[in-house]
Amino acid sequence: MSKSVRVRFAPSPTGYPHVGNIRTALFNWLFARHSGGTFIVRIEDTDVARRVEGALEAILDGLRWLGLDWDEGPEVGGDYGPYFQSQRLELYREAAQRLVAQGDAYYCYCSPQRLEEMRKEQARRKQPPGYDRRCRNLSAAERAQKEAEGITPVVRFKTPLEGQTKFNDLIWGEVVVENSTIDDFVLLKSDGYPTYHLANVVDDHLMEISHVLRAEEWLPSVPRHKLLYQALGYEMPLLAHLPMILGPDRTKLSKRHGAVSITEYQEQGYLPEAMVNFLALLGWSLDDKTEIISREELVRNFSLERVSKTAAIFNSEKLSWMNGVYIRSLSLEDFTQRALPFLERGLPPEVERPLSIDYVRRIMPLIQERARTLAEVPELAEFFFTTELEYDASLLIGKGMTQESTIEALKSAQQRLSELERFDEEPLEAVLRSLAEELGLKTGQLFGVLRVAVTGRTAAPPLFQTMAVLGREKCLSRIKAALEKLAPKLC
RNA sequence: GGCGCAUUCGUCUAGUGGUUUAGGACACCUCCCUCUCAAGGAGGAGAUCACCGGUUCGAAUCCGGUAUGCGCUACCA
């Protein structure tokens with residue numbers, strides 16, 4: 001009978017929610033939900049100096065936005081709390097003291113300055129960096145002397161000098177490391193906070209974590225953890241290291257590559273469901289063809305066996321395509337509701353607020369199939385809202401047309417449109433098609449002229465639908481404005 | 001420098017000894033649809049599976065070496 005699955009996402013509030021970290025959270029969440037296990041969020045706030053204000057909220061908001069709900073952790077509590085490492089200091093201290101008492105760890109009094117000089121020296125002599133173990137075998141008298149000097153020590157792990165440490169990773173297989181390449185790493189800092197290594201091992205044990213799913217960059221530190229588990233007499237959880245996410249230049253994805261925080265994607269109008277789909281496919285695949293896959297299918301099919309080992313480059317063009325697919329699949333009302341805040345925020349300030357929801361509802365069908373992100377919606381729809389259109393008059397003159405023929409076309413269109421009974425799509429199309437024929441113009445020529453006059457651009461939603469939404473009054477005044485733009489050129 | 005890991009179209013990937021003239025997707029190109037754009041449809045181009053050697057009747061798939069890349073090497077996570 002296998003233990004129940006308990007996995008954790010353990011972010012450090014030292015920065016904003018990086019998509020790489022969020023992908024790790026997603027995989028943990030998917031794994032938990034797939035196996036009916038427990039998804040835990042634990043805050044690793046042991047680095048007091050690097051703590052960033054607001055980072056914690058941003059991380060939790062990111063998880064919530066993507067729908068990655070946690071069963072234990074901040075705000076929800078749980079039986080294994082507290083879930084902030086800063087509130088578990090006593091636990092780490094006890095563990096560290098026990099290790100010292102057992103002879104598996106020792107106090108180190110070396111100053112940061114000395115350590116830095118030591119590292120410089122090692123670098124100069126091209127030797128592998130690492131603590132030189134000066135304090136490993138201090139006598140009781142020597143220790144008393146240092147204490148008397150008022151030095152607060154750190155606790156270091158007494159790494160075995162010989163032998164090797166082996167472990168098995170669910171994704172990478174067996175890895176073997178010589179103990180001689182591992183130095184005596186710090187367990188407890190002089191400020192009383194634990195390092196990641198200690199806190200992580202103690203908490204994963206106490207919280208009964210069954211599987212550790214985390215980024216590949218942790219792979220090299222597993223031997224230390226294994227040694228710690230052994231010294232503490234704990235059973236080590238199963239391990240699965242996830243491939244990294246890289247920028248287009250193949251280095252660790254960072255600020256230089258553009259948006260890296262999940263909150264930025266939210267602001268840029270990506271849909272959470274698209275984001276989940278895209279992130280899931282970064283390092284995992286269902287088969288040889290599935291691209292669009294729902295959250296439910298993801299949960300149903302997720303497995304560690306299908307996680308790849310190779311680092312993936314974040315392809316934002318593909319994300320953008322995928323987001324477009326999701327946008328188009330939304331119901332019109334859903335799309336409208338999601339686009340509304342972006343419109344309120346993104347439309348020019350002179351547009352009257354609040355926006356008329358009825359008017360917006362009529363516009364959105366024309367926008368939905370053209371937007372790749374919600375943030376594009378205001379730009380695509382702007383001409384529906386503004387009173388003045390700004391464009392170059394030369395755009396009005398279509399292919400194979402002259403100023404004169406353009407003016408003639410505009411004038412006769414003006415005439416017909418004002419006489420039209422119903423200003424709807426079908427009658428508009430009928431009247432304008434026959435007008436083109438009368439004028440001896442190709443439909444494309446006439447429609448092109450009108451498109452620019454009415455929208456101010458050469459690329460826009462279908463003309464008749466657009467005109468119908470704009471209404472007769474606006475269309476006529478815009479045609480008039482177009483004529484005025486062209487008229488001075490005649491003189 | 002040391003240690004570890006990886007290497008299939010530009011990118012994400014499928015592929016776990018023969019069904020592969022290596023499949024799909026994004027991006028790109030052509031054509032169709034069409035009032036422009038978008039979407040959609042049909043095609044195309046694009047990978048000597050990093051390289052070298054070995055095992056085998058047969059290797060992208062197994063083994064060894066080389067190269068390249070990435071990660072780690074903190075009183076950071």
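Restricting attention to segment A:179-195, the residues that are open to solvent by 40 Å² or more (accessible area, probe 1.4 Å) and closer than 21 Å to A:GLU235 by Cα total 0. Within segment A:429-457, residues that are assigned to a loop (DSSP other than H, G, I, E, B) reach partners that are not small (Gly, Ala, Ser) with beta carbons closer than 6 Å, at six or more positions or on different chains, in the pairs A:GLY456/A:PHE383; A:GLY456/A:LEU389; A:GLY456/A:TYR391.
Taken as a whole, segment A:80-98 holds no residue that is in the same structural domain as A:TYR265 (by TED's automatic domain parsing), closer than 30 Å to A:TYR270 by Cα and outside any helix (DSSP H, G or I). Filtering A:LEU420, A:LEU428 for residues that are surrounded by 12 or more Cβ atoms within 10 Å (Cβ to Cβ), assigned by TED's automatic domain parsing to the domain that holds A:ALA481 and more than 23 Å from A:THR458 (Cβ to Cβ) leaves a single hit, A:LEU420.
Give the residue, chosen from A:THR402, A:THR386, that is polar (S, T, N, Q) and open to solvent by less than 20 Å² (accessible area, probe 1.4 Å). After applying the criteria, what remains is A:THR386. Looking only at segment A:199-226, filter to residues that are farther than 20 Å from A:THR46 by Cβ and in contact (Cβ under 8 Å) with a residue 60 or more places away in the chain; which one of those is most open to solvent (accessible area, probe 1.4 Å)? Filtering segment A:199-226 for residues that are farther than 20 Å from A:THR46 by Cβ and in contact (Cβ under 8 Å) with a residue 60 or more places away in the chain, the one most open to solvent (accessible area, probe 1.4 Å) comes out as A:GLU208. Does segment A:297-320 hold any residues that are under 20 Å from the mean Cα position of the chain (by Cα) and loosely packed, with under 12 Cβ neighbours inside 10 Å, and which are they? The answer is A:THR310, A:GLU317. Elements of the type helices (runs of 4 or more DSSP H) sitting completely within segment A:178-277 and holding at least 1 residues that are out of contact with any His (no Cβ under 7 Å at 6 or more places or on another chain), within 14 Å of RNA strand B (Cβ to nearest atom) and charged (D, E, K, R): these cover A:196-206, A:222-232.
Checking A:GLU149, A:GLU174 one by one, the residue that is closer than 30 Å to A:LEU304 by Cβ and loosely packed, with under 13 Cβ neighbours inside 10 Å is A:GLU174 and no other. Considering only segment A:25-40, state which residues are within 20 Å of A:GLN85 (Cβ to Cβ) and crowded, with 24+ Cβ neighbours inside 10 Å. Passing the criteria: A:ALA25, A:ASN28, A:ILE40. With the structure loaded, tell me whether A:LEU483 is modelled with pLDDT of 95 or more and under 18 Å from A:GLN403 (Cβ atoms) or whether it fails that test. Against the criterion (modelled with pLDDT of 95 or more and under 18 Å from A:GLN403 (Cβ atoms)), A:LEU483 does not qualify.
Selection within segment A:98-137: residues that are among the small types (Gly, Ala, Ser) and within 9 Å of RNA strand B (Cβ to nearest atom). The member of this set that is least open to solvent (accessible area, probe 1.4 Å) is A:GLY130.
Within segment A:152-171, the residues that satisfy the criterion of being touching a helix residue (DSSP H, G or I) at 6+ places or on another chain (Cβ under 7 Å) and open to solvent by 50 Å² or more (accessible area, probe 1.4 Å) are A:PRO160, A:LEU161, A:GLU162, A:GLN164, A:LEU170. Scanning segment A:461-476 for residues that are touching a helix residue (DSSP H, G or I) at 6+ places or on another chain (Cβ under 8 Å), surrounded by fewer than 19 Cβ atoms within 10 Å (Cβ to Cβ) and part of a loop (DSSP other than H, G, I, E, B) returns a single hit, A:PRO462. Would you confirm, using the coordinates I've provided, whether A:LEU395 is in contact with a helix residue (DSSP H, G or I) (Cβ under 6 Å, 6 or more places away or on another chain) and open to solvent by 70 Å² or more (accessible area, probe 1.4 Å)? Criteria met by A:LEU395.
The values are calculated or read from the model by the stated rules, or taken from the named source; none is laboratory data. Every value quoted in this text rests on a predicted model; they were computed, and no experiment measured them. Glycine also receives a Cβ, built like all others from the backbone with ideal geometry; neighbour counts cover every protein chain displayed. Just so you know, the surface numbers come from the protein's heavy atoms only, side chains and all, with ligands and any DNA or RNA stripped out. Shrake-Rupley method; radii C 1.70, N 1.55, O 1.52, S 1.80 Å.
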